[in-house]
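Worksheet: one structure, shown below.
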Amino acid sequence: MILQLEENGSSLVARLAGEIDLQVADRLRSALDGALGEKPVRHLVLDLSGVSLIDSSGLGVILGRYRHLLQRGGRISLVGMRPLVKRVMELSGLLTIMREYASEGEALAGPE
Amino acid sequence: MTADTNTIARDGGKTVTDAGSLVPPDARALNRMTVSLLSQPVNLGLARVAVAAFFSQLDLMLSELEEIKVAVSEAVSNAILHGYRREPDGWITVSAAIYPETMEIVVEDRGEGFDGEPRPPAGDGEEEGFGMGFALMRSFMDEVVLVSKPGQGTQVTMRKKARVPAPAHPSAGTC
């Protein structure tokens, strides 16, 4: 897994690549929590365009961050889902609570 | 099936018990493979790739292979998390077989097993993914059969219909 983080005001853009499974879940969780904990970030933009596979371990990390952000009035936006990733996200119900955008720019400009 | 073996049939039209299986009990596999790996998350990629490579001999769509990889990932993750409670030295067997109209994957551990419903592991407090794994297996496969026995382990059998070309000489062969 490759993870790149970029702060943008009260937003944090996280670009993920590779396979998001149990092997990388702990590392991803720590990295995101570290970044979300330092600053008053309320909007996490997950750019998943480099993600070739995600399973329930990866979904668990995303859902956990969503819950933490929700508690502080924040949200998660999704960008760049490949068909398989989108299908997994749909089946798990995550797409009903997180909005998908066509690009990072649109996600950052998106509604509060 | 013995009386003390616990079978969980999950509804939703996708999951059945051994009765009504896509593969008749006397069916002969056209091809098989088995890999054994230790219960370490780093081996998940190997399990996924081994099964996908095996089934790539069939004329599957890429999306089907990808979904099968997710199903394998879920089954092996369950063995690591719930069967062996993250202990890194338990054996997990991943088998795949091709029947005339069906693909079959069996993931088996010799871990804790369970009675009744599978339960989330105690401990790390963040198991948001629990439960979603089974839902994904059921979505991506046509049949998921879970057999578990406390103290002896868990076996997950997943089957999916496939257009399997008939062998040229079904009754011939030396293997």
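Summing Lys and Arg as +1 and Asp and Glu as -1 over all other residues whose Cβ lies under 15 Å from the Cβ of B:ASP89 gives a net charge of 0.
With all protein chains in place and a 1.4 Å probe, the accessible surface of chain A carries 49 percent carbon and sulfur. Extension gain for the segment A:ASN8 to A:ALA102, taken as residue separation times 0.36 nm less the Cα-Cα distance, is 32.1 nm to one decimal.
Of all DSSP-defined beta bridges confined to chain A, some 30% are antiparallel rather than parallel.
Which FRET efficiency value, to the nearest 0.05, is calculated for B:LEU58 and A:LYS39 with the Förster distance at 51 angstrom and r the Cβ-Cβ distance? Working shown, then result.
On the way: r = 50 Å, r/R0 = 0.97.
It comes out at approximately 0.55.
Length gained on full extension, A:ARG82 to A:LEU95, computed as 0.36 nm times the residue gap minus the Cα-Cα distance: 3.3 nm. For the chain pair A and B, the interface hides roughly 1900 square angstrom of accessible area in total, found with a 1.4 Å probe.
Each label point was placed 7 Å from the Cα along the Cα-to-Cβ direction; for B:ASP115 and A:GLN71 their separation is 3.5 nm. Report the normalised scattering of the range A:1-110 as log10 I(q)/I(0) at q = 0.12, 0.22 Å⁻¹, calculated by the Debye formula with identical scatterers on the alpha carbons. Taken in order of the listed q values, log10 I(q)/I(0) reads -0.34, -1.31. Largest GNM mean-square fluctuation among A:GLY74, A:GLY58, A:GLY93, using chain A with Cα springs under 10 Å: A:GLY93.
On the principal axes of its alpha carbon atoms, the range A:3-48 extends 30, 18, 12 Å, with the longest extent given first.
Ligands, DNA and RNA excluded, the heavy atoms of B:VAL42 present near 90 Å² of accessible surface to a 1.4 Å solvent probe. Of B:MET132, B:MET141, the order by accessible heavy-atom surface (1.4 Å probe, DNA, RNA and ligands excluded), from most exposed downward, is B:MET132, B:MET141. Rolled with a 1.4 Å probe across the full set of protein chains, the surface gives A:VAL13 an accessible area near 0 Å². Note on surface exposure: A:ASP55, A:ASP26, B:ASP26 rank B:ASP26, A:ASP26, A:ASP55 by accessible area, highest first, 1.4 Å probe. If you run the Gaussian network model on chain A, springs between alpha carbon atoms under 10 Å, then out of A:GLU100, A:GLU38, A:GLU90 the most flexible one is A:GLU38.
Each other residue within a Cβ distance under 14 Å of B:VAL70 adds +1 if Lys or Arg and -1 if Asp or Glu, for a net charge of -1.
The values are calculated or read from the model by the stated rules, or taken from the named source; none is laboratory data. Please read all numbers here as calculations on a predicted model, not as lab measurements. Cβ atoms come from the backbone with ideal geometry, glycine included; neighbour counts cover every protein chain shown. What goes into the accessible areas is simple: the full protein's heavy atoms, side chains included, and nothing from ligands, DNA or RNA. Shrake-Rupley method; radii C 1.70, N 1.55, O 1.52, S 1.80 Å.
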